[in-house]
Amino acid sequence: MPWTAPRVEAHGEVEALATEWIAAYDQAEHLVRARDWLVHLAPAATAEMRIAALTHDIERMFPGGPVLRHADGRWDDPDYLFPHMLRSAEVVTVWLGNLGPVSATVDRAEIRRLVGLHEVGGIDGADEVQAADSLSFLETLADLTRDWVRSGVCSRSQAERKLRYMTDRVRTPAAAQYAAPLLAWALDQLPTESETEVPQR
């Protein structure tokens with residue numbers, strides 16, 4: 001495993017509550033590590049940036065969301081990415097609204113904006129949140145990508161395209177030095193085609 005960002009503690013009550021909220025999600029470690037990477041890349045990251053990184057994929061914790069075609073879909077498919085981003089933004093907005101007075105300590109609209117851009121990036125912190133998502137994916141979900149291939153969910157070449165996409169989309173210069181070694185490591189985790197299962201028909 002290449003070098004990875006140090007772990008950080010939650011900063012502020014809303015971030016601490018968000019950490020508790022996401023704990024039930026089966027990819028909570030990815031969200032936590034996205035926050036950690038964000039803080040490493042942007043030590044002065046706002047509370048809104050940190051909370052957005054910590055909650056960016058949370059719509060997947062709830063049934064009924066958009067479905068990505070792993071076997072033959074494009075990893076940059078806007079028909080999947082935008083519904084996913086906006087649904088996560090809506091879920092986080094509702095959660096914040098239910099917190100009561102403590103939610104007034106953060107800018108809920110800004111968190112919604114950042115979560116709603118986490119796959120594509122943007123200005124004023126959105127690129128940093130996206131980069132943190134990518135680095136955390138390479139670190140924490142390389143095994144998931146490997147398992148897609150082993151179980152026949154997608155081909156090795158399709159899984160490789162996913163890993164390269166997560167790397168190539170990063171625009172934050174500070175993240176580039178970490179993305180390349182993480183990509184190389186993640187690619188090494190992928191099984192060969194001969195090690196994969198044939199999907200059941």
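The values are calculated or read from the model by the stated rules, or taken from the named source; none is laboratory data. Just so you know, these numbers come straight off a predicted model, no measurement behind them. All Cβ positions, glycine included, derive from the backbone under ideal geometry; neighbour counts span all protein chains shown.
Anything in segment 15-52 that is within 14 Å of residue 127 (Cβ to Cβ) and in contact with a Ser or Thr (Cβ under 8 Å, 6 or more places away or on another chain)? List them, or say none.
Answer for segment 15-52, where residues must be within 14 Å of residue 127 (Cβ to Cβ) and in contact with a Ser or Thr (Cβ under 8 Å, 6 or more places away or on another chain): 34, 37, 41.
Tell me whether segment 100-121 contains one or more residues that are crowded, with 16+ Cβ neighbours inside 10 Å, hydrophobic (A, V, I, L, M, F, W, C), more than 19 Å from residue 30 (Cα to Cα) and touching a residue at least 40 places away in the same chain (Cβ under 8 Å).
yes
Can you tell which of 16, 10, 47, 52 is buried (at least 18 other Cβ atoms within 10 Å of the Cβ) and either basic (Lys, Arg) or at pLDDT 95 or above (or both)?
On inspection, the qualifying residue turns out to be 52.
Mind checking whether some residue in segment 29-41 is farther than 19 Å from residue 111 by Cα, among the acidic types (Asp, Glu) and part of a loop (DSSP other than H, G, I, E, B)?
no
Could you check how many residues of segment 181-198 are modelled with pLDDT of 95 or more and exposed (fewer than 12 other Cβ atoms within 10 Å of the Cβ)?
Going through segment 181-198 one residue at a time, the tally reaches 1.
Pick from 143, 133: which is closer than 23 Å to residue 42 by Cα, modelled with pLDDT of 95 or more and among the charged types (D, E, K, R)?
Answer to the check: 133.
Just to be sure I understand, how many residues within segment 107-148 are among the β-branched types (Val, Ile, Thr) and within 21 Å of residue 181 (Cα to Cα)?
Residues meeting the conditions: 3.
Among all residue pairs at least 6 apart or on different chains, which show Cβ distances below 7 Å where the first residue, located in segment 56-71, is under 25 Å from residue 150 (Cβ atoms) and the second is part of a loop (DSSP other than H, G, I, E, B) and not hydrophobic (A, V, I, L, M, F, W, C)?
Once the first residue is under 25 Å from residue 150 (Cβ atoms) and sits in segment 56-71, its partners that are part of a loop (DSSP other than H, G, I, E, B) and not hydrophobic (A, V, I, L, M, F, W, C) give 57/27; 61/25.
Given the residues 75, 21, which is the only one that is surrounded by fewer than 21 Cβ atoms within 10 Å (Cβ to Cβ), in contact (Cβ under 8 Å) with a residue 12 or more places away in the chain and either of a type outside the set (A, V, I, L, M, F, W, C) or in a loop (DSSP other than H, G, I, E, B) (or both)?
Only one candidate qualifies: 75.
Taking residue 28 and the conditions (1) within 30 Å of residue 146 (Cβ to Cβ); (2) in contact (Cβ under 8 Å) with a residue 40 or more places away in the chain, which numbered condition does it fall short on, given that it satisfies the others?
With respect to (1) within 30 Å of residue 146 (Cβ to Cβ); (2) in contact (Cβ under 8 Å) with a residue 40 or more places away in the chain, residue 28 is out only on (2).
Residue by residue through segment 129-166, note down the ones that are part of a helix (DSSP H, G or I), more than 12 Å from the chain's Cα centre (by Cα) and among the hydroxyl-bearing types (Ser, Thr, Tyr).
145, 151, 157, 165
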